[in-house]
């Protein structure tokens with residue numbers, strides 16, 4: 001047991017040294033990043049200082065990210081506030097993570113396609129890159145296909161599919177309601193989105 005404890009200490013020391021000697025890439029802090037979504041983006045059910053995926057992404061990139069998540073929003077609601085909550089910020093990059101409430105409220109994938117297309121087109125017209133985030137193909141397969149089609153048709157910068165896959169309904173990764181990710185779940189979401197965000201931040 002003492003040997004194992006010793007090796008654990010050595011491993012932690014090595015990891016800490018790697019973090020010191022291999023600093024994270026430095027990105028242009030003048031770039032404006034907005035996360036646009038519903039209750040998951042807003043961090044519903046988390047109690048400070050717990051982190052949502054937006055905070056994790058900000059920590060990983062050392063870039064401030066505007067959280068434009070709103071509990072209860074479906075894609076139609078989000079479209080209404082797109083100008084005031086997103087476009088008015090003159091963003092360079094927008095992470096769009098919507099559709100769960102459309103599914104829960106019984107809207108069709110056609111409605112989601114129409115609204116998401118309008119949202120993506122407006123953002124790209126403003127000159128910002130879009131990172132479109134999908135949900136879980138095992139739960140909302142029609143919606144995931146619709147989001148993939150929007151991503152392809154509109155040629156978004158990146159599409160992150162199935163971001164909730166492996167998180168939903170797992171007691172260790174969700175809040176007591178069984179749907180909203182807890183802090184550990186948000187960390188997984190952030191790590192799935194991070195590579196696309198890093199690429200977007202690296203480009204001029």
Among the residues of segment 84-100 satisfying the criterion of being touching a helix residue (DSSP H, G or I) at 6+ places or on another chain (Cβ under 8 Å) and either free of Cβ contacts under 8 Å to residues at least 24 places away in the same chain or over 14 Å from residue 122 (Cα atoms) (or both), which is surrounded by the fewest Cβ atoms within 10 Å (Cβ to Cβ)? 100
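Name the one entry in 47, 55 that is within 19 Å of the chain's Cα centre (by Cα), under 17 Å from residue 191 (Cβ atoms) and either assigned to a loop (DSSP other than H, G, I, E, B) or at pLDDT 95 or above (or both).
Values: 47 fails: under 17 Å from residue 191 (Cβ atoms).
Exactly one residue qualifies, and that residue is 55.
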Any residue at all in segment 138-150 that is out of contact with any helix residue (DSSP H, G or I) (no Cβ under 8 Å at 6 or more places or on another chain), at pLDDT 95 or above, surrounded by 15 or more Cβ atoms within 10 Å (Cβ to Cβ) and closer than 30 Å to residue 204 by Cβ? yes
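The values are calculated or read from the model by the stated rules, or taken from the named source; none is laboratory data. Predicted model, so just to flag it, every value in this text is computed and none were measured. Please note: Cβ atoms are built from the backbone with ideal geometry, for glycine as well, and neighbour counts cover all protein chains shown.
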